[in-house]
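These notes are about the structure you will find just below.
The values are calculated or read from the model by the stated rules, or taken from the named source; none is laboratory data. Predicted, not measured: the structure shown is a model, and the values here were computed from it. Cβ placement follows ideal geometry from the backbone for every residue including glycine, while neighbour counts extend to all protein chains displayed. All accessible areas refer to the heavy atoms of the entire protein, side chains included, with ligands and DNA or RNA removed. Shrake-Rupley method; radii C 1.70, N 1.55, O 1.52, S 1.80 Å.
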Amino acid sequence: MKKAAIRMIQAQLKVQGFDPGAEDGVLGPKTRAAIDRVEKLPEDWSMSRKAVGFIQLLAMDNGIDTGPLDGYWGHQTEYAFQCLERKLEFNEEPPLWRPEDLLDLNPHGWPSQTPQENLFRCYGEVGQNQAQIQLPYPHRLAWDKKTVIHNYSCHEKVHDSLLRILHRVLDHYGPEGIAALRLDLWGGCLNVRAMRGGSQYSMHSWGIAVDYDPDRNGLTMGRDRAAFARPEYDAWWRFWEEEGWVSLGRSRNFDWMHVQAAKL
Ligand SMILES: [Zn+2]
């Protein structure tokens, strides 16, 4: 866990009447003992899980959406931590991230990503029920740009929707626009793995999430830095959102590379 997070824990433990010792950003014995006295954290969790859980509790107390209390530092906890920093240390409300043009359509009935049983019910076992999408325009591997691909594996239930989106992208931007905006830089789709820092499966595990241009849309880049937040990508996002897909960047302002056929 980063030092800034531990310092936040120490400062807030003090506010709550515990004695964590010096605010030094280190999980020393006094801080550990103070965390152990926080009643809302399950006793059988490891210390690092309790520390993350404490941040999640702080977020909840401050009305910041952090997902379930699970003690794992995933995307949502990272985002919640950034909001908390603003709120607790700079006394600023987190900026509301609700662009007026964010479409919330769901014509194909994509399931909600939580609880995870929804995904198993709709899409089956991870890594199964795949189809090959024949790409309307060639893609390049983001991690090896000289390698061109003409198809990739995705879940059979999202295949037709994905194909329509990419056709619309081609019609709208044309090959030159696609190259200029790097809409052909593919960061992956099917990949059976746990969510970063979490215990749940990533949406990629079913082949229902796709990453584009990861270099310029890094995990922790906000809309001030992510390329996909710029207005020239409005049409790109409209095509996804009209098919019910969810951009984490557009809805949560992190991981702008990632779009998924599951609601938050
Ligand atoms: Zn992704």
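Filter region 190-207 down to residues that are within 10 Å of the ligand (Cβ to nearest atom), hydrophobic (A, V, I, L, M, F, W, C) and closer than 14 Å to ALA262 by Cα, then give me how many there are.
Residues meeting the conditions: 1.
Which members of region 8-30 meet the condition of being crowded, with 19+ Cβ neighbours inside 10 Å, more than 14 Å from VAL52 (Cβ to Cβ) and within 31 Å of the chain's Cα centre (by Cα)?
GLN10, LEU13
Output yes when any residue across region 145-165 is at negative phi, open to solvent by 70 Å² or more (accessible area, probe 1.4 Å) and within 16 Å of the ligand (Cβ to nearest atom), and no when none is.
Within region 145-165, not a single residue is at negative phi, open to solvent by 70 Å² or more (accessible area, probe 1.4 Å) and within 16 Å of the ligand (Cβ to nearest atom).
Taking the options PRO111, PRO138, name whichever one is open to solvent by 60 Å² or more (accessible area, probe 1.4 Å) and out of contact with any Pro (no Cβ under 7 Å at 6 or more places or on another chain).
Result of the check over PRO111, PRO138: PRO138.
Being more than 11 Å from the ligand (Cβ to nearest atom), over 21 Å from CYS83 (Cα atoms) and not charged (D, E, K, R) is the filter here; which residues of region 208-227 pass it?
The one that is more than 11 Å from the ligand (Cβ to nearest atom), over 21 Å from CYS83 (Cα atoms) and not charged (D, E, K, R): ALA227.
Take region 211-249 and flag every residue that is touching an Asp or Glu at 6+ places or on another chain (Cβ under 8 Å), open to solvent by less than 20 Å² (accessible area, probe 1.4 Å) and not in a loop (DSSP other than H, G, I, E, B).
ALA227, PHE228, GLU241, SER247, LEU248, GLY249
Okay, residues lined up against (1) of a type in the set (Val, Ile, Thr); (2) assigned to a helix (DSSP H, G or I):
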{"residue": "TRP45", "(1), (2)": "no, no"}
{"residue": "LYS50", "(1), (2)": "no, yes"}
{"residue": "LEU58", "(1), (2)": "no, yes"}
{"residue": "THR66", "(1), (2)": "yes, no"}
{"residue": "TYR72", "(1), (2)": "no, no"}
{"residue": "GLU78", "(1), (2)": "no, yes"}
{"residue": "PHE81", "(1), (2)": "no, yes"}
{"residue": "ARG86", "(1), (2)": "no, yes"}
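Kindly evaluate LEU185 against the criterion of being over 19 Å from SER112 (Cα atoms) and within 16 Å of the ligand (Cβ to nearest atom).
Taking the combined requirement at face value, the residue satisfies it.
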